[in-house]
Amino acid sequence: MTGLKIFLIIAFLIFAEFVISNTFLSVTKVAVKDAKIPASFDGYKIVQLSDLHDKSFGKGNSRLIRIIDKQKPDIIVLTGDMINSTDTNFQNLYSFSKQLVKICPVYYIVGNHEQMLSTELYKEMIGNLKKTGIIVLDNEKTTLIKNGKKINLYGLWFNLRYYRNLSSQTSGNNDYSLTEDTIEQLIGRAKTSEYNILLTHNPVYFDTYSSWGADLTLSGHIHGGMIRIPFKGGLLSPEIKFFPKYDAGIYENNGNKMFVSRGLGNGTFGIRFFNIPEIAVIVLEKE
């Protein structure tokens, strides 16, 4: 085999993988077991979508909707960056939201891209999302109830200064670190005798979420490291940190768990490689 043929084969394989990682969809199913989960919530399905960045999978996101519907979720959670900070028209998101709420209740938290919108655009987007039937958790708690038993669902967002080198809006001071006290000021104290699910965009503070009282944290932001290195993990975080600690999948801290979605869209860098867009299905199980 000539050198040219080898080069063409390698080029074709790279191109094929690029297409797969940027247009295909995958479903990741994760069982989360905990003795604190009420028996009535055993088998409860949560579909998590993150970091769509205004991308469409089929006309009107028809492919995405079809796969989500097949999962028969009890709730859907959107964990931020569903749009880009440079967007001014959110009709794709509104149309998508109208389809999602036909499946089951949908909960939304904002990510850094929503936070970087102008105040006017931000208020317009949040208001219109609520009109579609989306439940926006703005540093709030809601209660999921099934057969008289409950689970607490919190939605947390925090100032961009707690991200790292995200934009000119950040302080650039890496001494900032999110604390339990800050979380309590934002969303209150967790009732640790009950099962608590925390939705928050940035996974970097998992230790703090856990010590605050989150039994399960659902997060995104890292895009699976954008480029995934086989047997090594995600290459890069949005803050330009190589091989971030929490890039994708399930993590545990003192019995508490966090799932980090690889996300759906491409974000600012516009590339995914060995990193198929992900629909996560979290199944709660009474241990």
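The values are calculated or read from the model by the stated rules, or taken from the named source; none is laboratory data. Just so it is clear, the structure is predicted and the values come from calculations on it, not from any experiment. Counting neighbours? That spans all protein chains shown, and the Cβs are built from the backbone with ideal geometry, glycine included.
Key figures
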quantity	calculated
Residues within region 34-58 that are of a type in the set (Gly, Ala, Ser) and farther than 26 Å from TYR94 by Cα, tallied	4
Of the criteria (1) modelled with pLDDT under 90; (2) buried (at least 18 other Cβ atoms within 10 Å of the Cβ); (3) not in a loop (DSSP other than H, G, I, E, B), which one ARG161 fails	(2)
Region 268-277, residues that are surrounded by fewer than 23 Cβ atoms within 10 Å (Cβ to Cβ) and not polar (S, T, N, Q)	PHE269, GLY270, ILE271, PHE273, PHE274, ILE276
Test: residue in region 31-42 that is in a helix (DSSP H, G or I), modelled with pLDDT of 95 or more, hydrophobic (A, V, I, L, M, F, W, C) and surrounded by fewer than 16 Cβ atoms within 10 Å (Cβ to Cβ)	yes
LYS72 being closer than 28 Å to ASN139 by Cβ, exposed (fewer than 15 other Cβ atoms within 10 Å of the Cβ) and not β-branched (Val, Ile, Thr)	no
Where ILE65 falls short, out of the listed (1) in contact with a helix residue (DSSP H, G or I) (Cβ under 9 Å, 6 or more places away or on another chain); (2) surrounded by fewer than 16 Cβ atoms within 10 Å (Cβ to Cβ)	(2)
Matching option when the condition is in contact (Cβ under 8 Å) with a residue 60 or more places away in the chain, under 30 Å from ASN256 (Cα atoms) and within 19 Å of the chain's Cα centre (by Cα), among SER85, SER26, SER40	SER26
Qualifying positions in region 56-71 - modelled with pLDDT under 95 and of a type in the set (Lys, Arg)	LYS59
Exclusive hit being modelled with pLDDT of 95 or more, out of contact with any Ser or Thr (no Cβ under 9 Å at 6 or more places or on another chain) and of a type in the set (A, V, I, L, M), set LEU216, LEU166, LEU235	LEU216
Count of residues meeting criterion [of a type outside the set (Lys, Arg), touching a residue at least 40 places away in the same chain (Cβ under 8 Å) and part of a loop (DSSP other than H, G, I, E, B)] in region 269-287	7
Count of region 233-267 residues which are of a type in the set (Phe, Trp, Tyr), assigned to a strand (DSSP E or B) and either crowded, with 23+ Cβ neighbours inside 10 Å or touching a residue at least 12 places away in the same chain (Cβ under 8 Å) (or both)	2
Region 212-232, residues that are buried (at least 18 other Cβ atoms within 10 Å of the Cβ), over 25 Å from GLN115 (Cβ atoms) and free of Cβ contacts under 8 Å to residues at least 60 places away in the same chain	ARG228
Any chance ILE83 is in a loop (DSSP other than H, G, I, E, B) and touching a Leu at 6+ places or on another chain (Cβ under 8 Å)	yes
Pairs with Cβ under 8 Å, 6+ apart, first in region 43-72 and part of a loop (DSSP other than H, G, I, E, B), second hydroxyl-bearing (Ser, Thr, Tyr) and surrounded by fewer than 19 Cβ atoms within 10 Å (Cβ to Cβ)	PHE57/THR23
Failed condition for ASN196, given (1) more than 15 Å from the chain's Cα centre (by Cα); (2) farther than 21 Å from ASP181 by Cα	(2)
Filtered residues of region 104-137 (kept if in a strand (DSSP E or B) and either over 19 Å from the mean Cα position of the chain (by Cα) or of a type outside the set (A, V, I, L, M, F, W, C) (or both))	TYR107, TYR108
Residues located in region 238-259, provided they are closer than 15 Å to GLU285 by Cα and among the small types (Gly, Ala, Ser)	GLY255
